[in-house]
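Student: Below is one structure. I have some questions about it.
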Amino acid sequence: MKKLGTEEKARRIALDFNKTKDEIIRELKVYYPDLNGDMLSEWEKSGELDYETVGGEKRYFRQAVKNFMRLNKEAREIREQKEGKERAGRAYVLSLHIPAVIKTVKSQLRGSSRLISGLPVTPFIGEIDERIVPDEEYRSPMEYMALPHRWTFYSRITVHPDAVPAGVELHCWMPMPRADIHRQVLEESNEILAKSIHAARFTCKNTVAGTPTVIYNSVPFKTAAEFHPLPKGFEHRSVDTQAENLLPHLMEQAPHIVFTDALKDLAHRIVGREDRPYFMARAIFDHISKHYPWISAREYSTIDCIPEYVVRRGGGDCGQVTMLFITLCRILGIPARWQSGFSLIPGYENYHDWADIFIPGLGWIPVDPSFGIQRWGKTEEQRYFYFGGIDAFRMIVNKGWGGELWPKKQFERSEPVDFQRGEVEWNGGNLYFDSWDFDFWVEPQL
């Protein structure tokens, strides 16, 4: 993958950090009528009010005030008094969906003839087209899957008029659901999707002067929820850190998964004397859920090390806290890997990132550090559903981060970590997000 140049990185930072001090003051005075310079300096020094020096001048992050209201306890209380608590609207949908998933899976496990002492013994390949080779690491017994949903995913890239010369050929990579993971089944065959950790549909289209270039994509697919309850009397075992199939998921992966002294210290402080991999990972999940609230993200391509950034900022978006979770797990010898794409909860569709971890005796189980603890839950299984469970409202695009697209991209990527909004280039260079728009929508198929 082509490395991002210094000038391009600075340009991207300037797009993210585009607010002046006067604009920030006007936004803050809604909550702090008596705002003064000392207060502003204090919040900047603490890192709660995010800014960068752009072109020799101080410029604030485009969502600096909203993030500040989430990170600063006093500000959060003032906002809640004025506007009420900020709640994730998806909670109502999940409060109906998650108990149903748990009930279904537990019923399937009780009736399964393929279990010995509550543990699976026969893998389930899944409903995958014969021409696509299923990924051995992404298989799971069918008893752990429930409530399949059918969808059609629509997406569109719109390149702005005259963003490049007329008559040139644009190369576009658009996100697609994977065809090699058990929770997800494509209803049309596409062998190309298995050639990269990023599932993409590649399209070429010529530009016309004064006219936007629009590329559409649509694909039907099916997903299922997954849930792995911890069996009673489960025998906790250490991870075989020399196992060839696990080694890639235990290693550092610069620039973001790096075992710095500060991160190693944090990992060991979180788990204390706990030495059971399942509960070590859950302690990390618990810590992130309680101490790193969701905040709007700057572009990943402008961050040198995402886990360190999350710790320094005191929060992060879904991909950032997932990267922290994966890093802390690997530091402690727990295999962890990236998975991402879209959350399709009706009315709350968005890009989303989460993880898988490997627990001896359970295999690979899903973990969503960003959704975290479901505080509406009436039972521990409901509250900790996203440690070992995943809802059916997912479209899986990526089974890793920072890989090469297929066919290989000639120039640097707009998003070098994840692949969700797509990528566009022409023979003159990469087209960054300020030159085109990506939008998507999804239709459930009953």
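The values are calculated or read from the model by the stated rules, or taken from the named source; none is laboratory data. Computed from a predicted model, the values in this text were never measured in an experiment. A quick note on method: Cβ atoms are made from the backbone with ideal geometry, for glycine too, and the neighbour counts reach across all protein chains shown.
Student: Return yes when F285 is assigned by TED's automatic domain parsing to the domain that holds W338, surrounded by 22 or more Cβ atoms within 10 Å (Cβ to Cβ) and more than 15 Å from G47 (Cβ to Cβ) and no when it is not.
Tutor: Yes; evaluated as a whole, the condition is true for this residue.
Student: Would you point out which residue out of Q320, Q339 is part of a helix (DSSP H, G or I) and buried (at least 23 other Cβ atoms within 10 Å of the Cβ)?
Tutor: Answer to the check: Q320.
Student: Can you tell me which residue in region 252-275 is farthest from R150 (Cα to Cα), limited to those that are assigned to a loop (DSSP other than H, G, I, E, B) and β-branched (V, I, T)?
Tutor: If we take residues in region 252-275 being assigned to a loop (DSSP other than H, G, I, E, B) and β-branched (V, I, T), then T260 is farthest from R150 (Cα to Cα).
Student: Which residues, counting only those in region 1-36, are part of a loop (DSSP other than H, G, I, E, B) and not hydrophobic (A, V, I, L, M, F, W, C)? Outline the logic, then answer.
Tutor: Taking region 1-36 first, the residues part of a loop (DSSP other than H, G, I, E, B) are 1-5, 17-18, 20, 29-36.
The answer is K2, K3, G5, N18, T20, K29, Y31, Y32, P33, D34, N36.
Student: Also: Given (1) of a type outside the set (S, T, N, Q); (2) assigned to a loop (DSSP other than H, G, I, E, B); (3) farther than 19 Å from L247 by Cα, where does V310 come up short, assuming only one miss?
Tutor: Just one mismatch for V310, condition (2).
Student: Hey, another quick one. Just one of G89, G111, G84, G5 is on the phi > 0 side of the Ramachandran plot, loosely packed, with under 15 Cβ neighbours inside 10 Å and at pLDDT below 95; which is it?
Tutor: Just one listed residue meets the conditions, G84.
Student: For R375, indicate whether it is over 26 Å from S155 (Cα atoms) and modelled with pLDDT under 95. Don't jump to the end; show me each part of the working.
Tutor: Working: over 26 Å from S155 (Cα atoms): yes; modelled with pLDDT under 95: yes.
Yes.
Student: If the requirement is being under 13 Å from the mean Cα position of the chain (by Cα) and buried (at least 18 other Cβ atoms within 10 Å of the Cβ), which of these qualifies: D391, D418? Steps first, answer last, please.
Tutor: Working: D391 fails: under 13 Å from the mean Cα position of the chain (by Cα).
It is D418.
Yes/no matrix, rows are residues, columns are (1) of a type outside the set (V, I, T); (2) in the same structural domain as Q184 (by TED's automatic domain parsing); (3) under 18 Å from A267 (Cα atoms); (4) in contact with a His (Cβ under 9 Å, 6 or more places away or on another chain):
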residue: Y292; (1), (2), (3), (4): yes, yes, yes, no
residue: R298; (1), (2), (3), (4): yes, yes, no, no
residue: P307; (1), (2), (3), (4): yes, yes, yes, yes
residue: G314; (1), (2), (3), (4): yes, yes, yes, yes
residue: L324; (1), (2), (3), (4): yes, yes, yes, no
residue: P335; (1), (2), (3), (4): yes, yes, yes, yes
residue: S340; (1), (2), (3), (4): yes, yes, no, yes
residue: N350; (1), (2), (3), (4): yes, yes, no, no
residue: G361; (1), (2), (3), (4): yes, yes, no, yes
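Student: If you check every pair at least six apart or on different chains, which have Cβ atoms under 7 Å apart with a residue in region 328-351 that is closer than 25 Å to H97 by Cβ first and a residue that is surrounded by fewer than 23 Cβ atoms within 10 Å (Cβ to Cβ) and hydroxyl-bearing (S, T, Y) second?
Tutor: As it stands, the answer is F342/Y351; E349/S343; N350/S343, since those pairs meet every condition given.
Student: To continue, here is another question. Scan region 50-79 for residues that are assigned to a helix (DSSP H, G or I) and either assigned by TED's automatic domain parsing to the domain that holds E380 or within 24 Å of the chain's Cα centre (by Cα) (or both) and report the count.
Tutor: 8
Student: Over 30 Å from the mean Cα position of the chain (by Cα) and either assigned by TED's automatic domain parsing to the domain that holds E380 or under 30 Å from G372 (Cα atoms) (or both): does that describe K29?
Tutor: no
Student: Suppose we filter H291, H268 for residues that are in contact (Cβ under 8 Å) with a residue 60 or more places away in the chain, surrounded by fewer than 18 Cβ atoms within 10 Å (Cβ to Cβ) and not small (G, A, S); which single one remains?
Tutor: Numbers: H291 fails: in contact (Cβ under 8 Å) with a residue 60 or more places away in the chain.
Step by step, each of H291, H268 is checked, and only H268 is in contact (Cβ under 8 Å) with a residue 60 or more places away in the chain, surrounded by fewer than 18 Cβ atoms within 10 Å (Cβ to Cβ) and not small (G, A, S).
Student: Test R337 against the stated conditions and say whether it is over 19 Å from E299 (Cα atoms), basic (K, R) and touching a Lys or Arg at 6+ places or on another chain (Cβ under 9 Å). Show your work before the answer.
Tutor: Values: over 19 Å from E299 (Cα atoms): yes; basic (K, R): yes; touching a Lys or Arg at 6+ places or on another chain (Cβ under 9 Å): yes.
In short, yes.
Student: Would you be able to tell me the number of residues in region 37-49 that are among the charged types (D, E, K, R) and outside any helix (DSSP H, G or I)?
Tutor: Count: 1.
Student: So which strands (runs of 3 or more DSSP E) are wholly in region 148-251 and hold at least 2 residues that are assigned by TED's automatic domain parsing to the domain that holds S435, surrounded by 13 or more Cβ atoms within 10 Å (Cβ to Cβ) and among the basic types (K, R)?
Tutor: Qualifying strands (runs of 3 or more DSSP E): 200-206.
Student: Counting only residues that are in contact (Cβ under 8 Å) with a residue 12 or more places away in the chain and among the hydroxyl-bearing types (S, T, Y), which one in region 47-81 is surrounded by the fewest Cβ atoms within 10 Å (Cβ to Cβ)?
Tutor: Among those residues, the one meeting the criterion is Y51.
Student: Only strands (runs of 3 or more DSSP E) wholly contained in region 403-446 count here; list those with 1 or more residues that are free of Cβ contacts under 8 Å to residues at least 60 places away in the same chain.
Tutor: So the answer is 429-431.
Student: Restricted to region 359-368, and to residues that are assigned to a loop (DSSP other than H, G, I, E, B) and in contact with a strand residue (DSSP E or B) (Cβ under 7 Å, 6 or more places away or on another chain), which residue is surrounded by the fewest Cβ atoms within 10 Å (Cβ to Cβ)?
Tutor: Result: G361.
Student: Based on what the data block shows, is T260 surrounded by fewer than 20 Cβ atoms within 10 Å (Cβ to Cβ), at pLDDT below 95, more than 22 Å from D368 (Cα to Cα) and not hydrophobic (A, V, I, L, M, F, W, C)?
Tutor: No, not satisfied.
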